[in-house]
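Encoded as structure tokens, the structure appears first; notes follow it.
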Amino acid sequence: MGLFLCIVACSNDSHDKERENFDISLLSQSSELQLSGEYEAFVRLNITYLKKAVKMNYRAGKGLCYLNMAGVNVSAGNYEKARFFSIKQKKTWKTLRMFITKQPSMMTTASIIRILNLMIKL
């Protein structure tokens with residue numbers, strides 16, 4: 001039983017670290033591309049990360065990608081695209097909020113704090 005708990009705990013730590021690396025990497029790379037004005041590269045990066053988030057089943061990561069895409073489209077004056085991504089992002093966060101409230105035991109404290117911090121930025 002002790003070995004099982006150790007495996008589960010180590011797995012959760014690894015899972016949290018992977019998500020934390022996802023967030024940090026996406027945010028830093030997105031920021032660099034947005035500041036340099038490389039719109040196409042920014043879009044490609046966020047699409048790549050969106051696919052990673054789907055593969056990881058990382059809802060907050062998906063929401064972050066949609067939020068980035070909405071923001072860059074507002075900056076570029078593409079308001080219809082910005083609206084589309086904003087709606088997708090809000091639906092993702094709504095689903096995430098429901099998941100947290102219905103199954104809090106499935107979430108680690110670190111992941112809940114990270115998600116809530118991202119939600120506050122909205």
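From (1) surrounded by 13 or more Cβ atoms within 10 Å (Cβ to Cβ); (2) at pLDDT below 85; (3) over 22 Å from residue 19 (Cβ atoms), pick out the condition that doesn't hold for residue 77.
It fails just one condition, (1).
Residues being over 17 Å from residue 41 (Cα atoms) and small (Gly, Ala, Ser): count how many of those fall in segment 53-81.
Final tally of qualifying residues: 5.
Only residues that are open to solvent by 30 Å² or more (accessible area, probe 1.4 Å) and touching a residue at least 12 places away in the same chain (Cβ under 8 Å): list them for segment 48-70, please.
Passing the criteria: 50, 52, 56, 59, 62, 67.
The values are calculated or read from the model by the stated rules, or taken from the named source; none is laboratory data. Every value quoted in this text rests on a predicted model; they were computed, and no experiment measured them. Please note: Cβ atoms are built from the backbone with ideal geometry, for glycine as well, and neighbour counts cover all protein chains shown. These accessible areas exclude ligands, DNA and RNA; they are computed on the full protein's heavy atoms, side chains included. Shrake-Rupley method; radii C 1.70, N 1.55, O 1.52, S 1.80 Å.
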